[in-house]
Amino acid sequence: MPKATRRVLIPGGSGAVGEGAVRAYLAAGADVVVPTRTEQRADEFRQLLGDAATDHLHLIAHDYSTFDGAESLAATMQDRLGGIDDVVAPIGGWWAGKQLWEIGEADWNTAFAGLATTHMAIARAVMPRLSGHGSYAIVVGESAFYPVPGSGLVSMEQAAVLMMQKVLAAEAGDSRRVHAFVLGPVRTRVVPGEPTWVSADQIGAVAVALSNMPGEANREVLLRTSAEAEQILAALA
């Protein structure tokens, strides 16, 4: 029998970091669902991918930042593709400029509550639907470990999301695999960066490799440099 096509959800996939995961899964022949803010953004992303945007790419204009929105997205993917095997969630953004005692409610809602809620909404909607054949990879930055003065809300939100991964992994036990990818500075099409930085393509390659290893337990994957990424890919190979 032919091998079943993987069904992969990548919220945040149209961003510069998520693009690496989208390209990697498409190259591996997976059906990849990428929600975008608008149809225009979907068209722009398809053009950006060029020849990599095969018929296996499914772009959906959808707001998944709320519990109801994420539930609707997961249900739509399940209806169209029959299920969900893998998730890679590079959901996030950067915020800077104020010390914690200077922030306002709008800062709090945008940089902490909004992003943490989006991660939680996706996890809540997807975890019960995961087939168990793949894995769920939550993507955070090193700021989850280290305080960044002037960007404290980012550090706090990333630390909260990293703990969410730990709790999900503990609650899922052996039934589903939940990983955390902890990134250093990332080379992307937007930020060329330094050769020592991990690249978006390497992040995608690690995600695919872990998806294809059902015996690999829940793990925290440090992808802080290009060298670390290559070491992990060699070990997984």
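No lab work stands behind these numbers, since they all come straight from the coordinates. These figures come from a predicted structure and were not determined experimentally. Here Cβ is always computed from backbone atoms with ideal geometry, including for glycine, and neighbour counts include all displayed protein chains.
Close amide H pairs (under 5 Å, H built 1.01 Å from N) link residue 57 with 32, residues at least 5 positions away or on another chain. Among 28, 137, 121, the largest mean-square fluctuation in a Gaussian network model of the chain (Cα springs under 10 Å) belongs to 28. The relative contact order of the chain, computed from alpha carbon pairs under 8 Å that lie at least 6 residues apart in sequence, is 20 percent. Count Lys and Arg as plus one, Asp and Glu as minus one, and take only other residues whose Cβ is under 11 Å from that of residue 202; the net charge is then -2. Relative to one another, the C-alpha centroids of segment 158-196 and segment 200-221 are positioned 11 Å apart.
Look at the alpha carbon pairs under 8 Å that are at least 6 residues apart: their mean separation over the length of segment 178-237 gives a relative contact order of 44 percent.
Compute a Gaussian network model of the chain, connecting alpha carbons closer than 10 Å, and tell me which residue from 55, 63, 31 fluctuates the most. Residue with maximal mean-square fluctuation among 55, 63, 31: 55.
For segment 1-113, dividing the convex hull volume of the Cα atoms by the residue count gives 119 Å³ per residue.
The ranking of 225, 5 by Cβ neighbour count inside 10 Å, starting from the fewest, reads 5, 225. With a cut-off of 13 Å between beta carbons, the residues surrounding residue 220 carry a summed charge of +1, where Lys and Arg count +1 and Asp and Glu -1.
If you rank 9, 115, 168, 183 by fewest surrounding Cβ atoms within 10 Å, what's the result?
On the way: 9 30, 115 22, 168 19, 183 25.
With the sparsest Cβ surroundings first, the list reads 168, 115, 183, 9.
Amide hydrogen proximity for residue 220: with H placed 1.01 Å from N in the peptide plane, the residues at 5 or more positions away or on another chain lying under 5 Å are 180. Once phi is turned into θ = phi - 60°, what whole-Hz ³J(HN,Hα) does the Karplus curve with 6.51, -1.76 and 1.60 give for every residue of segment 205-213, x standing for Gly and Pro? Residue by residue, segment 205-213 yields 5, 5, 4, 5, 4, 5, 4, 8, 10 Hz.
How do the peptides 18-26, 189-197 rank, highest first, by the average count of neighbouring beta carbon atoms within 10 Å per residue? Before the final figure, lay out each step's value.
Working: 18-26: 25.9, 189-197: 12.2.
The peptides rank, most packed first, as 18-26, 189-197.
In segment 92-155, the alpha-carbon atoms span a convex hull of 84 Å³ per residue. If I model segment 7-236 as equal point scatterers sitting on the Cα atoms and use the Debye formula, what is log10 I(q)/I(0) at q = 0.08, 0.11, 0.15 Å⁻¹? The calculated log intensity ratios at q = 0.08, 0.11, 0.15 Å⁻¹ are -0.27, -0.51, -1.00. Taking amide H as placed 1.01 Å from N in the peptide plane, residue 132 has no amide H partner under 5 Å among residues 5 or more places away or on another chain. Estimated from helices alone, the mean residue ellipticity of the chain at 222 nm is -12500 deg cm²/dmol (sum of -39500 (n - 2.57) over DSSP H runs with n ≥ 4, per residue).
Taking segment 100-237, how much of its Cα-Cα pair set, in percent, is spaced more than 17 angstrom apart? Intermediate values should be presented prior to the final figure.
Values: 5965 of 9453 pairs.
Here the tail beyond 17 Å accounts for 63 percent of pairs.
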